[in-house]
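One structure is given below, encoded as structure tokens.
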Amino acid sequence: MFGYLIDPEWEQITTVDYDGDYKEISKIIKAPSGLFCVVPLYDDDRVDVFLDDEGLYVQDQYFWMHRNYPQPLAGCGLVLGLDDEGDSVSPDVQLVDLSFDVRFIGDRATIQTFMKVHGDREDYRDILFPPIEKGAA
């Protein structure tokens with residue numbers, strides 16, 4: 001199966017092979033502790049991103065946001081799908097659509113400046129994902 005690796009340091013999203021072994025997730029997302037958490041990305045709960053559970057504590061960390069999640073996310077993320085039994089499968093989202101839904105923010109200094117400028121909020125999506133007006137070119 002495949003997944004998508006979101007790498008905020010290199011500001012790229014690539015397709016990666018994933019063999020289904022959950023222990024490999026930590027290696028793919030570069031989580032030194034081996035711990036990861038899961039965040040749903042789309043309303044149908046069929047596409048999730050796996051993140052380093054201790055990503056906020058990484059010294060030289062980079063950040064990104066997804067259109068459907070209100071807060072910046074830390075570090076690399078592995079996007080996988082979910083089947084009816086709860087097992088990981090290839091994600092049911094096209095790379096071009098995922099790329100449209102992701103914004104890269106930058107390193108820790110950049111995210112600190114970003115938060116200072118925009119204040120403490122529960123939801124930062126309106127800043128990085130302004131609404132698209134119908135008929136706009």
Reported set for the range 25-68 where residues are within 16 Å of Ser90 (Cα to Cα) and among the basic types (Lys, Arg) is Arg46
State which residue is surrounded by the most Cβ atoms within 10 Å (Cβ to Cβ) when the search covers only the range 1-27 and only residues that are in contact with a strand residue (DSSP E or B) (Cβ under 9 Å, 6 or more places away or on another chain) and assigned to a loop (DSSP other than H, G, I, E, B). Pro8
Since Ala31 meets every condition but one in (1) over 11 Å from the mean Cα position of the chain (by Cα); (2) within 24 Å of Thr110 (Cα to Cα); (3) surrounded by fewer than 17 Cβ atoms within 10 Å (Cβ to Cβ), which condition does it not meet? (3)
Is it the case, given these coordinates, that Asp87 is touching a residue at least 24 places away in the same chain (Cβ under 8 Å), charged (D, E, K, R) and over 20 Å from Lys27 (Cα atoms)? no
Six or more apart or on different chains, Cβ under 7 Å: which pairs go from a residue in the range 109-121 that's within 11 Å of Gln71 (Cβ to Cβ) to one that's surrounded by 12 or more Cβ atoms within 10 Å (Cβ to Cβ)? Could you list them? Ile111/Phe63; Ile111/Pro72; Ile111/Ile105
Return yes when Asp43 is charged (D, E, K, R), over 16 Å from Trp10 (Cα atoms) and in a loop (DSSP other than H, G, I, E, B) and no when it is not. yes
Scan the range 52-78 for residues that are hydroxyl-bearing (Ser, Thr, Tyr) and part of a strand (DSSP E or B) and jot them down. Tyr62
Output yes when any residue across the range 48-70 is among the basic types (Lys, Arg), buried (at least 17 other Cβ atoms within 10 Å of the Cβ) and modelled with pLDDT of 95 or more, and no when none is. no
Quick one: in the range 10-43, of everything that is out of contact with any Cys (no Cβ under 6 Å at 6 or more places or on another chain) and on the phi > 0 side of the Ramachandran plot, which residue is modelled with the highest pLDDT? Glu11
Out of all the residues in the range 79-90, is one or more surrounded by fewer than 20 Cβ atoms within 10 Å (Cβ to Cβ), in a loop (DSSP other than H, G, I, E, B) and either modelled with pLDDT of 95 or more or not charged (D, E, K, R) (or both)? yes
Condition (residue is closer than 24 Å to Asp19 by Cα and either in a strand (DSSP E or B) or of a type outside the set (D, E, K, R) (or both)) applied to the range 105-127: is it met by at least one residue? no
Within the range 120-137, residues under 18 Å from Val102 (Cα atoms) and at pLDDT below 90 come out as Pro130, Pro131, Ile132
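The values are calculated or read from the model by the stated rules, or taken from the named source; none is laboratory data. Quick caveat, the model's predicted, so the values are computed rather than measured. All Cβ positions, glycine included, derive from the backbone under ideal geometry; neighbour counts span all protein chains shown.
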